[in-house]
Amino acid sequence: MCELKKGGRGNPDTPVRRFLATDIMIIAKDIPSAVNEVNNLKKQGATIALVPTMGNLHEGHLTLVREAKKVADKVVVSVFVNPLQFNNAEDLKNYPRTLEQDLAKLEQEQVDLVFTPTPQTMYPNGMENQTSVFVPNISDMLEGKLRPGHFKGVSTVVNKLFNIVRPEFAMFGQKDFQQVAMLKQLVEDMAIQVKIITVPIVRDAEGLALSSRNGLLTETDKPKAHLLHAEISKLADKIRNGNRNFEKLKEDTREALDACGFKTDSVDIVDASTLGDITEKTVEAAILVSAYLGKPRLIDNEVVKL
Ligand code: PAF
């Protein structure tokens, strides 16, 4: 089932006219419609960039869309809160869902096609019967240890989205550092013909990495949220200045965040390319931090040249 976001510019069942009109955004709600619309784009010889999202779109997502426009002829955005990747029922229930506002923003960005499936559409046989894709090792380390099943849910849904949209490019934000590394491994291991493009973190004026979960911060916690990035930057500076006492640096950051009102979940300093321990071969270190501030769990990271 598909919808035209702007009315009056042709019948949704006449694909040629639809795609000649550049200001029309198609909304596909089920897999056959999305595949059909993608086929129409491909018949025109268009290259496609996919921006997978869980909605509640902010400037971070819109930056992905703008970067997508630079690399491909057509931009497809998926909006799907993927239940398979939530290891916490409360988090899934509270995840902000703002589809109408999201569609308005995407229309403003002149996105070509939006795919808005429901869980029933994506997992018609039930989540427990869904074939899954699992990237070993990387899915179980760091964030994967703290959120069991999370990365398996991500790799499964992204693989399915790749099969539906068959994009030449796929855009992901660097905020989800381990997610990008895991998806690059997925693409390599399964020979998926897509180029993953990583887009730098978009921050607000105070340095807070934009995230849909920021909207769940209370008025009291909001002014403190930027301290997460501030503490990561302090740690990054110490490493740049030659401090290699990683255990002490991690402990100090944890203490500093907890003292500011965070409940720190993890502070890791890893090799940015392997996500393993820093060795004498490490060129860049990645500082990866996750912390609760009230209910929402925020994540952020910074890469430092050694
Ligand atoms: O990063 C996200 O928003 C999600 O993990 C993704 C990639 C859209 C898969 O559901």
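The values are calculated or read from the model by the stated rules, or taken from the named source; none is laboratory data. Owing to the predicted nature of the structure, the values given are computational and were not obtained by experimental measurement. Here Cβ is always computed from backbone atoms with ideal geometry, including for glycine, and neighbour counts include all displayed protein chains. When the accessible area is computed, the model is the full protein with side chains, heavy atoms only, and any ligands, DNA or RNA have been set aside. Shrake-Rupley method; radii C 1.70, N 1.55, O 1.52, S 1.80 Å.
Quote the charge dipole size of the chain about the Cα centre in Debye, to the nearest 20; the model charges only the Cβ of Lys and Arg (+1) and of Asp and Glu (-1).
Working: 39 positive and 41 negative charges, 141 e Å.
That gives a dipole near 680 debye.
Cα-Cα over 27 Å: which of K42/K184; K93/K184; K152/K222?
Values: K42/K184 24 Å; K93/K184 29 Å; K152/K222 31 Å.
Beyond 27 Å: K93/K184; K152/K222.
Heavy atoms only, probe 1.4 Å: what % of the accessible area of the chain goes to carbon and sulfur, would you let me know? Don't jump to the answer; show the numbers that get you there.
Details: 7370 of 14430 Å².
Carbon and sulfur atoms account for 51 percent of the accessible area of the chain.
Taking K105 as the anchor, which lysines have their alpha carbon closer than 23 Å to its alpha carbon, excluding any fewer than eight residues away along the same chain?
Hits, sequence-local ones excluded: K5, K6, K29, K69, K70, K74, K175.
Just to be sure I understand: with springs between alpha-carbon atoms less than 10 Å apart, which residue in K184, K248, K74 has the highest mean-square fluctuation in the Gaussian network model of the chain?
K248
Return the whole-Å distance between the Cα centroid of region 240-306 and the Cα centroid of region 87-101.
One Cα centre to the other: 27 Å.
Tally the DSSP beta bridges in the chain and give the antiparallel ones as a percent, rounded to 5. Walk me through the intermediate numbers first.
Details: 21 of 40 bridges.
Within the chain, antiparallel bridges account for around 50 percent of the total.
Restricting to DSSP H runs of at least four residues, report the calculated mean residue ellipticity at 222 nm for the chain, -39500 (n - 2.57) per run over all residues, nearest 500 deg cm²/dmol. Please list the in-between numbers first.
Numbers: 11 runs with 113 residues, N = 306.
Theoretical 222 nm ellipticity from helices: -11000 deg cm²/dmol.
Averaged per residue, what accessible area in Å² does region 42-159 show with a 1.4 Å probe, protein chains only?
Numbers: 5270 Å² over 118 residues.
Averaged over the residues of region 42-159, the accessible area is 45 Å².
When only the heavy atoms of the protein chains count and the probe is 1.4 Å, how do M182, M127 rank by accessible area, highest first?
On the way: M182 0, M127 75 Å².
Heavy-atom accessible area, descending, gives M127, M182.
For S78, what residues show an amide H to amide H distance below 5 Å, using hydrogens built from the backbone and excluding near sequence neighbours?
Sorted by chain and number, the residues that satisfy this are V51, T53, F115.
Do any GluC sites (Glu not before Pro) in region 186-266 lie in a DSSP loop with no more than 12 other beta carbon atoms within 10 Å, and if so, which?
Values: sites: E188, E206, E219, E231, E247, E251, E255; in loops: E206, E219.
In loop regions of region 186-266 (DSSP not H, G, I, E or B), the sparsely surrounded GluC sites (Glu not before Pro) are E206, E219.
Of V194, S212, N245, which is farthest on the positive side of the dipole of the chain, counting Cα position, with +1 on Lys and Arg Cβ, -1 on Asp and Glu Cβ, and the Cα centre as origin?
V194
What order do H58, H150 take when sorted by accessible area (1.4 Å probe), most exposed first? Please list the in-between numbers first.
Values: H58 40, H150 15 Å².
Descending order: H58, H150.
Does anyone have the angle between helix 59-71 and the longest principal axis of the chain? Alpha-carbon axes, 0 to 90°, nearest 10?
Compared with the principal axis, the helix lies near 60 degrees.
From the Cα gyration tensor of region 57-144, with a ≥ b ≥ c the square roots of its eigenvalues, which class applies: rounded if a/c is under 1.5, or else prolate if a/b is larger than b/c, or else oblate? Mind dumping the intermediate values first?
Values: a/c = 1.80, a/b = 1.54, b/c = 1.17.
It comes out prolate by the Cα gyration axes.
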